[in-house]
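This report concerns only the one structure given below.
The values are calculated or read from the model by the stated rules, or taken from the named source; none is laboratory data. Just so it is clear, the model here is predicted, and its values are computed rather than measured. Cβ coordinates were reconstructed from backbone atoms using ideal geometry, including for glycine residues, and neighbour counts include every protein chain displayed.
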Amino acid sequence: MAIEGPLRELGIHDVFALLDLSRKTGTLRVTSELRGNEGTVVFEQGRVVYAWIRSNPHPLGQLLLRAGKATEQDLVKVRMRQTQQGDTRRLGDILVATGVITQRELDRQMRAQIEAVVFELLSWREGFFSFVEEEVSGIAMDAQASLSAEALLMEGARRIDEWSRLADIVPNADVVPALADAPDGSAGPLELLPDEWDVLAAIDGVRDLRGVAAEVARSEFDVAKVVYGLVSTGVVAVDRPQEDGADLSLPMATAHAFLHEARRAFRQGELDGAFFAAQRALDVDPDDPEAAMLLGDILLRQRRPTDAARAFDRASRLAPTSVKVQRARGVAAALAGDFAGAVRAWGRAIELAPTDAQVERLRAALEAAARLRSTTEEYVGA
């Protein structure tokens, strides 16, 4: 039986507590249209055994490479055993069996991955969740751990409290860190830990804190602490969203930078990069109809018409008199098999611009969609 609903009605903390108390086994999926993100958490008897998030997937192999615990050659050998020799064990289990890493190191890495994902999800206030009961053995995972959901909730609450102490400098993951100008004559050698160097290298004045965390494959909380320290020492400056009435040029500039990158990637056929950049543009400026329109175009090119229709619906709400948006809405709806939606969108486009150069093509498309809708309704009713 599926358990699902919007997070505004049942918060993510309550969802975790419910699955913990009822000792559920299965998969929890959480999606956020606003963030353009989704996460998956696997439960076994109420305990968390695996977690993944699209914006910062933390694949086990990459974690081990970054930590210096495994080499590319080690990972290639494991994949060959799985694909050529029929070894059905998980990546982590093979690495332990062949002596590349210890079971303790595997457990530590999986715990770090689960914590990073869960603590990110616990910060979400909007979105949709769905839990499906299923056997863990049927779920693809490189490895699994077993963490108490209750302990994760308690640690998440502690981190929220700690983040509140960082709030003066790093109020949330939307801030954009940039290298600070060094005072004249005061620049000297930096003494940073390896993890701090990784974060500093990913700071470019365009990525927000969430983007930096994704780049270095670490949690937003860990990156926030590093950024806080770098700001305190004058190495980094943070641009924060302004209060009402203040200058909003920097966040808007960031949104335009993402939108520019999305357009460039789209023109060059780099659809995954274009999708990510367009989503980030909407994260920074949720009211930008151009970003929503571009996201719809990208999704159409990716042959995802249903998702494209949602993006064009969003663009339509933001720019209700745009003929271009209505034409695109009709195309996406038709490709998704929603001929009634296509009729509405194309009809609206003709209303908005009855003398448009493409009006005859629109009328022909509208008539074809109407016929298909009628045929479909007759077939269903037969």
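Which condition does THR31 not pass, out of (1) farther than 29 Å from ASP313 by Cα; (2) of a type in the set (Ser, Thr, Tyr); (3) touching a strand residue (DSSP E or B) at 6+ places or on another chain (Cβ under 6 Å), if it passes all the others?
(1)
If you scan the range 281-309, which residues turn out to be touching a residue at least 12 places away in the same chain (Cβ under 8 Å), in a helix (DSSP H, G or I) and charged (D, E, K, R)?
The answer is ASP283, GLU290, ASP297, ARG301.
As an exercise: evaluate PHE43 against (1) surrounded by fewer than 17 Cβ atoms within 10 Å (Cβ to Cβ); (2) of a type outside the set (Ser, Thr, Tyr); (3) at pLDDT 85 or above and give the number of the one condition it does not meet.
For PHE43, the failing item is (1).
What residue, among those in the range 95-125 that are modelled with pLDDT of 85 or more, assigned to a loop (DSSP other than H, G, I, E, B) and not hydrophobic (A, V, I, L, M, F, W, C), is nearest to VAL42 (Cα to Cα)?
By that ranking, first place goes to THR102.
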